[in-house]
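In what follows, a single structure is set out as structure tokens and then discussed.
Please treat every number below as a calculation from the coordinates, not as lab data. All of these numbers come straight from a predicted model, not from anything done at the bench. Positions of Cβ are generated from backbone atoms using ideal geometry, with glycine treated the same way; all protein chains shown enter the neighbour counts.
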Amino acid sequence: MPFARRLSLLASTLLLTASSFAAVGPQAKTASGIVEGEPTTDGKIMAFKGIPYAAPPVGKLRWAAPAPVEPWTGIRSAHDFGYHCVQSAVYADMAFHDPGASEDCLTLNVWTPANAEPGKLPVMVWIYGGGFSGGSTSERRQDGQYLAHRNVVVVSMNYRLGIFGFFVHPEATAESPNHAAGNYGLLDQAAALAWVKQNIAAFGGDPSNITIFGESAGSMSVSSQMASPLSKDLFQKAIGESGSIMTSATFPIQTREQREKADTSFALTTYGTTKLSELRRISTEDILRPILASRPAPSFRPVVDGYFFPKSPVAIYAAGEQAHVPLLAGWNADEARGGVVGGYNRFTAEGFTAQVQREFPTRSAEFLKLYSANTPEEAVSSASDYAGDKFIAYSTWRWLEAHTATGTKPVYRYYFALDNPGDRYHTPAAGAFHSDDIEYVFGTLDSRPEAVWHAEDRKLSDQMQLYWTNFARTGDPNGSGLPKWPTYGPAQWQVMHLDANSSARPDQHRERYLFLDSEWAKPASAPANP
């Protein structure tokens, strides 16, 4: 009996290796129809790209929850990435390899080992970063084929961004059966997770062993999916790299009502109308053009909408209502050092002290005990540390603390600290910069232009791939040949330092975050769009 026929009878799915049929690529049967992928260069991984997981969010579906995919007949090609979602910010180090930008962008990709049996392998679902305003699955640094060599199935999805993903309008709220608006990008992610749970067995993945992982806004998304009742049962483990949705000084989160007022005012000023039907008729280009021309550009981010987030994420975690799954999370040593080093002359000891006195007028002496600035060198180092903490490290710490306090599963914390070797976008002086970890996790170091990698980089990338995939497999990153990674919690605030000589060490900066928490863990409102 042919191999494909046996699997069809066994699992009511199709998973055909390239060797099964010389004339066609690998195929898989999803709930919407059959897709055909192609083997990667070495033939060991089968890649399926550009699979739709929701209907195109255009016309009346612009600023609406994702709708089901229209089924197709025949075999749909899944050889190429789909369009990336229309976006208002593309960062200098983002290089996309897809057909271009479109609102019709709700597609995902699957990389699976060629010898995968239906429903057996752990699944890792990646959520890209980009400040909820930029990003795409087609970046080479996020190519899932290399991580899939670790005997896991890797999935990545596009989701709506910027004004298309997070615009809040009272008419959209009124027409929603859930009386909610905004958070369309997060709802897209949840729809993709539901697709994975329903269909991933056909690609060799175990639908009962799904890990979500992401970096920056992707990490914020992971913490959001953990908090939402809509998606928290769609995965079993979570990994966050630099960022969380927890309220912070940098990324406060507003209510739906606040954003309805701000966003309709923005629409009237920018597009000359507040009517949702008229806004939906405006072309993609005309929606985007004034946003691209604005300096600073208006910000559209997640909102407490009463549906995806029934209440604030902070309150959800405090009540222990988040997904009770193992969590591995952390951040990089130099999340914001590049900006500080670029302005080195501004950060004298006196200048930094003056800045601290402005921000913490009654507690500046206490702050300076934690971020010392007795010399110009100390001032630059402390300014870098504080900038990174304020930008993203503190909110990640707060997520770890909240899940440690109210969760029931193990927590693991890391600190990525290997200095970057330099490339066309980053100098070695920037240290372990924000997003520096992505290529290490995906095994894609060679995708970074002009970087000259060393033996310690290759070693660390290998370790991180093993830690991440071990965690996806069992909920524990530890494994043979790896430095021991202890859990994080009150019994031992241990942090795994990921560097040239990775090892677990006691948290040496806990007092910093407790201080910042005492200042920042208060209700806050984000500034409205101009």
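Here are some notes:
- Percent RCO, i.e. relative contact order, over the range 3-520, from Cα pairs under 8 Å lying at least 6 residues apart: 13
- Packing-based order for 413-423, 106-116, using average beta carbon neighbours within 10 Å, highest first: 106-116, 413-423
- Ratio of Rg to Rh for the range 410-530: 1.04 [Cα atoms; Kirkwood radius as inverse mean 1/r over pairs].
- Cα Rg, Dmax (largest Cα-Cα span) when computed across the range 227-385, Å: 21.2, 59
- Computed over the range 78-121, the P(r) curve from all C-alpha pair distances, binned at 10 Å from the origin, holds 22, 39, 23, 15, 0 percent per bin.
- Projecting the Cα atoms of Ile392, His403, Gly422 onto the dipole axis of the range 3-520, where Lys and Arg carry +1 and Asp and Glu carry -1 at the beta carbon, places His403 farthest toward the positive end.
- Antiparallel DSSP beta bridges within the chain, as percent of all bridges there, nearest 5: 40
- Close amide H partners of Ala504, meaning residues 5 or more places away or on another chain with modelled amide H under 5 Å apart, are His497.
- Calculated mean residue ellipticity at 222 nm for the chain: -9500 deg cm²/dmol, from DSSP H runs with n ≥ 4 weighted as -39500 (n - 2.57), summed, divided by the residue count and rounded to 500.
- Within the shell of other residues whose beta carbon sits under 9 angstrom from the beta carbon of Gly204, the net charge comes to -1, with Lys and Arg scored +1 and Asp and Glu -1.
- Mean Cβ count within 10 Å, highest first, over the residues of peptides 239-246, 38-45, 456-463: 239-246, 456-463, 38-45
- Placed amide H near Val304: partners under 5 Å, 5+ positions off or other chain: Gln254, Thr255, Arg256
- The fraction of all Cα pairs in the range 3-520 landing in successive 20 Å bins from 0 to the largest distance is 23, 56, 20, 1, given as whole percents.
- Average projection area in nm² (convex hull over Cα atoms of the range 31-70, one quarter of hull surface): 3.9
- Exceedance of the 24 Å cut-off in Cα-Cα distance is limited, within the set Lys459/Lys484; Lys60/Lys232; Lys120/Lys232; Lys44/Lys237; Lys232/Lys484, to Lys60/Lys232; Lys44/Lys237; Lys232/Lys484.
- Net charge, Ala329 excluded, C-beta distance under 14 Å - Lys, Arg +1, Asp, Glu -1: -2
- Cut-off under 5 Å, modelled amide H: who pairs with Val125 long-range: Val155, Thr211, Ile212, Phe213
- Charged side chains reduced to their Cβ positions (Lys and Arg at +1, Asp and Glu at -1) give the chain a dipole of some 1020 debye around its Cα centre.
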